[in-house]
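Worksheet for the structure shown next.
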Amino acid sequence: MKASRMLISTLKETPNEAVISSHILLLRAGMIRKLVAGVYNYLPLGLRTLTKIENIIREEMDKAGGLEILSSAMQPKELWEESGRWQKYGPELMRFKDRHDREFCLGPTHEEIFTDLVRNQIRSKKNLPINIYQIQTKYRDEFRPRFGLMRGREFIMKDAYSFDTSYEGLDESYKIMHQTYCNIFDRLNLKYQIVLADTGAIGGSGSHQFMALSDIGESDIIYCSTCKYAADQEKAESNPSLVNYNDSMLDVEEVETINKKTIEEVSSYLEVESNRVVKSIVYKNLVDDSLVVVLVRGDKDVNEIKVINELNIAEHELVLASYDDILTINSVEGFVGPVNLKDVRILVDEEVTLLRNFVVGANKKNYHLKNVNYKRDFEGTVGQFRKTIENDICPICGQPLSLERGIEVGQIFKLGTKYSEPMNCTFQDDDGKVKPMVMGCYGIGVTRTMSAIIEQNHDDFGIIWPLNVAPYHSVIVPINYQDEAMKELSDKIHDELVSAKVEVVLDDRSAKAGFKFKDWELIGIPYQIVVGKRASEGIVEFKDRRTLEKTEMPYKEAIELIVNKVREL
């Protein structure tokens, strides 16, 4: 391929919309262009890499026995009503009507579609287990799309669904997919961590996420270096830490705290540690418009996912209560506390129950209560409603936990019969009984994975693509393609590399050499052959994009180096 025939749309300046490295470099290297917020066109260079990532996923899925299909992104409302998710999924679901006033959505995920397909195609036990997958565009109406391909309204995803006759079969299918995902992300050269995860809107009894390690990741990974426990922060648990558990209970005392609302203000004013002040966060359950108060220590934050799971509602069905909402429980914003609250559910983090003589709001403007104690002064539902943080105590071995940030690139779920039972996806067992199939779900964010690879593989000059997903393996850069000797050698190297099945670009553009070098460093082509003043001697400069090392050598040796690297893929 000659560069003069390519669409090379590199940018010198960083676009204002881009913040993180992958977004900046995808735009600057001419891989993608924004259509509207959260929606992108993929230009030729970006599409080549995207296709290679997809093909690696396909190869590993096929090795694991997966069967590829392609289903529609347009999904009828009726199927989502069968599963009970049409309303529960929330505002991210892109709904629309056709000319006949029939309601549809653009699929953010495909559990209903695959379940419907299998229930209509498979009845006999002899056809199970089966694992069906697709690579397809998904749609989610994100409230605030950001970070380029990391969180968009349109994205490409590989989703697979296994169907088994038993939970033992599901465990085996899950194990196979777990290893398959390891194989995929290993081949993509990603540094990743596997963590326990919340099942979220997909549902099911268990889940693991595959997190590409990155400082810009949107998820916190909590892990133990000693026993290898690992979970995302939504799912992570920890042993409660004790604070003054053995203190004697003192009498409750009301104290004036004018305009002191925050934990920092109250603890400083009353001269107590922040972990002796208890937060009372008021939420509204939109399902029934009820209020719930969640209590955590002042040095911790509420884990809203655990609150949602306790209430058995969807994420969009829990919001912070308004000022007027709080007035309805005879309290006041900034001074809410659990003592003497009526007609409101109270969720108490277990660490709060281990405190003695702590501070809470007095449900009265400018007042707090000192020396409050659980059980004596109030009660509630006890659970782990706090976010687990760094240096909390590992629930397995008791050692301090560590924290890293990560990008979720894949997630696997044990769905069980969550979809097969309500949608009547069944098989006939040997005893003649009709039973629901037992399902698993396995997703990889393909476009998000592309961004994660860049986050882990870039420098000040641009992208550093791993060889197996680079748009091209190599580029030939003649200093002056109009020079006869340089042109002849460049063409010769190009033809020999093409014959050896190496993907190569010959930069025949009339631009200055420095401009061309910057372009290819930005784009991230792994190997560069520079044809210069020693062309007539058959000597070139070989450059490794990852190390930036330059070596003069005979052109045959440069060709051999690249060919051998490509053959190792």
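The values are calculated or read from the model by the stated rules, or taken from the named source; none is laboratory data. These numbers were taken from a predicted model, which means no experiment stands behind them. Backbone-built Cβ (ideal geometry, glycine too); neighbour counts: all protein chains shown. These accessible areas exclude ligands, DNA and RNA; they are computed on the full protein's heavy atoms, side chains included. Shrake-Rupley method; radii C 1.70, N 1.55, O 1.52, S 1.80 Å.
K77: farther than 30 Å from E17 by Cα, surrounded by fewer than 14 Cβ atoms within 10 Å (Cβ to Cβ) and in contact with an Asp or Glu (Cβ under 6 Å, 6 or more places away or on another chain), yes or no? No: the conditions fail for K77. When Y133, Y89 are checked against the criterion of being touching a Phe, Trp or Tyr at 6+ places or on another chain (Cβ under 8 Å), in a loop (DSSP other than H, G, I, E, B) and either crowded, with 19+ Cβ neighbours inside 10 Å or among the charged types (D, E, K, R) (or both), a single residue qualifies: Y89. Any residue in region 353-364 that is among the aliphatic types (A, V, I, L, M), open to solvent by 30 Å² or more (accessible area, probe 1.4 Å) and either within 30 Å of G152 (Cα to Cα) or free of Cβ contacts under 8 Å to residues at least 24 places away in the same chain (or both)? The answer is no; no qualifying residue exists. Within region 9-33, the residues that satisfy the criterion of being in contact with a helix residue (DSSP H, G or I) (Cβ under 7 Å, 6 or more places away or on another chain), open to solvent by 30 Å² or more (accessible area, probe 1.4 Å) and among the β-branched types (V, I, T) are T10, T14. Considering every residue within region 53-68, establish whether at least one is more than 18 Å from Y181 (Cα to Cα) and open to solvent by 10 Å² or more (accessible area, probe 1.4 Å). Looking through region 53-68, none of the residues is more than 18 Å from Y181 (Cα to Cα) and open to solvent by 10 Å² or more (accessible area, probe 1.4 Å). Go through region 117-130 and give me each residue that's open to solvent by 20 Å² or more (accessible area, probe 1.4 Å) and either among the polar types (S, T, N, Q) or not in a loop (DSSP other than H, G, I, E, B) (or both). The answer is L117, R119, N120, Q121, S124, K125, K126, N127, I130.
Residues of region 34-52 that are modelled with pLDDT under 95 and open to solvent by 30 Å² or more (accessible area, probe 1.4 Å): K34, L35, V36, A37.
Residues of region 399-412 that are more than 18 Å from I135 (Cβ to Cβ), open to solvent by 10 Å² or more (accessible area, probe 1.4 Å), assigned to a strand (DSSP E or B) and touching a Ser or Thr at 6+ places or on another chain (Cβ under 7 Å): S402, R405. Inside region 124-156, residues that are farther than 27 Å from G416 by Cα and either aliphatic (A, V, I, L, M) or in contact (Cβ under 8 Å) with a residue 40 or more places away in the chain (or both) make up a count of 13. Restricting attention to region 388-398 and to residues that are open to solvent by less than 70 Å² (accessible area, probe 1.4 Å) and either of a type outside the set (G, A, S) or at pLDDT 95 or above (or both), the residue that is nearest to A236 (Cα to Cα) turns out to be T388. Condition first: within 24 Å of the chain's Cα centre (by Cα), in a loop (DSSP other than H, G, I, E, B) and farther than 30 Å from K2 by Cα. Can you find one or more residues in region 33-41 that meet it? For region 33-41, residues within 24 Å of the chain's Cα centre (by Cα), in a loop (DSSP other than H, G, I, E, B) and farther than 30 Å from K2 by Cα: present. Checking each residue in region 1-22 for being closer than 16 Å to Y40 by Cβ and outside any loop (DSSP other than H, G, I, E, B) picks out only S22.
One residue stands out among those in region 520-560 that are part of a helix (DSSP H, G or I) and buried (at least 17 other Cβ atoms within 10 Å of the Cβ): the one that is farthest from the chain's Cα centre (by Cα), which is A535. Beta carbons closer than 8 Å, at least 6 apart along the sequence or on distinct chains, pair a first residue in region 277-288 that is within 30 Å of Q87 (Cα to Cα) and assigned to a strand (DSSP E or B) with a second that is among the hydroxyl-bearing types (S, T, Y) and open to solvent by 40 Å² or more (accessible area, probe 1.4 Å) for K284/S290; K284/S322.
In region 219-232, the count of residues that are modelled with pLDDT of 90 or more, polar (S, T, N, Q) and surrounded by 18 or more Cβ atoms within 10 Å (Cβ to Cβ) is zero. The criterion of being in a strand (DSSP E or B), touching a residue at least 12 places away in the same chain (Cβ under 8 Å) and over 21 Å from the mean Cα position of the chain (by Cα) does not hold for S173.
Give me the pairs, please: first residue somewhere in region 542-560 and closer than 17 Å to P478 by Cβ and aromatic (F, W, Y), second residue anywhere and in a helix (DSSP H, G or I) and open to solvent by less than 20 Å² (accessible area, probe 1.4 Å), beta-carbon distance under 7 Å, and either six or more positions apart or on two chains. Note: pairs meeting the criteria are F542/A558; Y555/L489; Y555/I493.
For the residues D220, D215, D159, the requirement of being in a loop (DSSP other than H, G, I, E, B) and touching a residue at least 24 places away in the same chain (Cβ under 8 Å) singles out D215.
Among the residues making up region 294-312, those that are free of Cβ contacts under 8 Å to residues at least 60 places away in the same chain and either over 21 Å from A236 (Cβ atoms) or in a helix (DSSP H, G or I) (or both) are E304, I308, L311. Within region 330-370, the set of residues being of a type in the set (A, V, I, L, M, F, W, C), assigned to a strand (DSSP E or B) and more than 40 Å from the chain's Cα centre (by Cα) comprises just one member, L369. Restricting attention to region 50-66, the residues being assigned to a helix (DSSP H, G or I) and either touching a His at 6+ places or on another chain (Cβ under 6 Å) or in contact (Cβ under 8 Å) with a residue 24 or more places away in the chain (or both) number 10. Check region 520-531 and report whether any residue there is under 30 Å from L26 (Cβ atoms) and free of Cβ contacts under 8 Å to residues at least 40 places away in the same chain. Checking region 520-531: not a single residue is under 30 Å from L26 (Cβ atoms) and free of Cβ contacts under 8 Å to residues at least 40 places away in the same chain.
Scanning region 502-517 for residues that are of a type in the set (G, A, S) and in a loop (DSSP other than H, G, I, E, B), which turns out surrounded by the most Cβ atoms within 10 Å (Cβ to Cβ)? Per the stated criteria, the residue is A511. In region 418-425 there is no residue that is over 25 Å from L79 (Cα atoms), open to solvent by 10 Å² or more (accessible area, probe 1.4 Å) and not polar (S, T, N, Q).
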